[in-house]
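Student: To start, I am sharing the structure in question, which I have written as structure tokens.
Please treat every number below as a calculation from the coordinates, not as lab data. Keep in mind it's a predicted model, so treat the numbers as computed, not measured. Virtual Cβ from ideal backbone geometry, glycine too; neighbours counted across all protein chains shown.
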Amino acid sequence: MRVTVSRKAHFNAAHRLYRKDWDFEKNQEIFGKCNNPNFHGHNYELIVNVTGEIDKETGYVIDMKVLKDIIKSEVEDAFDHKNLNIEVPEFKELNPTAENIAVVIYDKMKSKLNSNFELEVVLYETPRNFVTYKGN
Ligand code: NI
């Protein structure tokens with residue numbers, strides 16, 4: 001039986017959406033307010049879904065403590081109260097859109113999980129805007 005286990009998490013972070021190879025006007029046209037050179041913040045909400053077989057001995061798909069610790073080390077400690085553009089190496093050359101943040105979170109977490117698990121990441125940038133990534 002394959003069951004999906006989910007955990008919610010939260011982080012606050014600042015970002016700016018822009019491309020270095022575009023001039024200010026082009027960035028303003030495409031990214032609007034998100035191109036503010038002084039950055040702006042979001043309260044990101046994260047849902048991590050891990051799907052796998054129920055372990056016969058423990059009855060768990062994954063120990064929630066293990067999942068919690070991976071989210072803490074890979075997401076919360078790495079992103080919370082950070083400026084994503086400046087302080088998080090993954091976004092030095094990558095625009096920190098919700099889409100790209102979800103992919104980065106997926107890749108970081110996937111590398112820490114047993115490969116038997118399917119992983120899905122849902123990232124809310126605002127209560128109404130969210131993206132989903134499950135690999136590929
Ligand atoms: Ni934004």
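Student: At a 10 angstrom cut-off on C-beta neighbours, averaged per residue, how do the peptides 6-14, 29-37 rank from highest to lowest?
Tutor: 6-14, 29-37
Student: Related question: Beta carbons within 10 angstrom, averaged per residue: use that to sort the peptides 76-83, 63-70, 45-52, highest first.
Tutor: Highest mean packing first, the order is 45-52, 76-83, 63-70.
Student: For the chain, count the residues as N, evaluate 2.2 N^0.38 Å, and divide the Cα radius of gyration by that value, please.
Tutor: 1.17
Student: Another question about this same structure. Over the chain, what is the mean sequence separation of C-alpha contacts under 8 Å (at least six apart), divided by residue count, expressed as relative contact order in percent?
Tutor: The normalised contact order for the chain reaches 30 percent.
Student: Residue farthest toward the positive end of the dipole of the chain, with Cβ of Lys/Arg at +1 and Asp/Glu at -1: which of Leu94, Tyr124, Pro37?
Tutor: Selected residue: Tyr124.
Student: Amide H neighbours of Asn36 under 5 Å, at least 5 residues apart or on other chains, H built in the peptide plane: list them.
Tutor: Excluding prolines and chain starts, which carry no amide H, the hits are Leu17.
Student: Moving to a separate point now. In the structure displayed, which of Lys33/Lys82; Lys33/Lys112; Lys26/Lys72; Lys82/Lys110; Lys20/Lys112 lie more than 30 Å apart, Cα to Cα?
Tutor: Where the Cα-Cα span goes over 30 Å, the pairs concerned are Lys33/Lys112; Lys26/Lys72; Lys20/Lys112.
Student: Determine ³J(HN,Hα), in whole Hz, for all residues of the range 46-54 in sequence, where each value follows from phi through the Karplus function 6.51 cos²θ - 1.76 cosθ + 1.60 and θ = phi - 60°; x replaces Gly and Pro.
Tutor: Going residue by residue, I get 10, 10, 10, 10, 10, 10, x, 6, 6 Hz, with x marking Gly and Pro.
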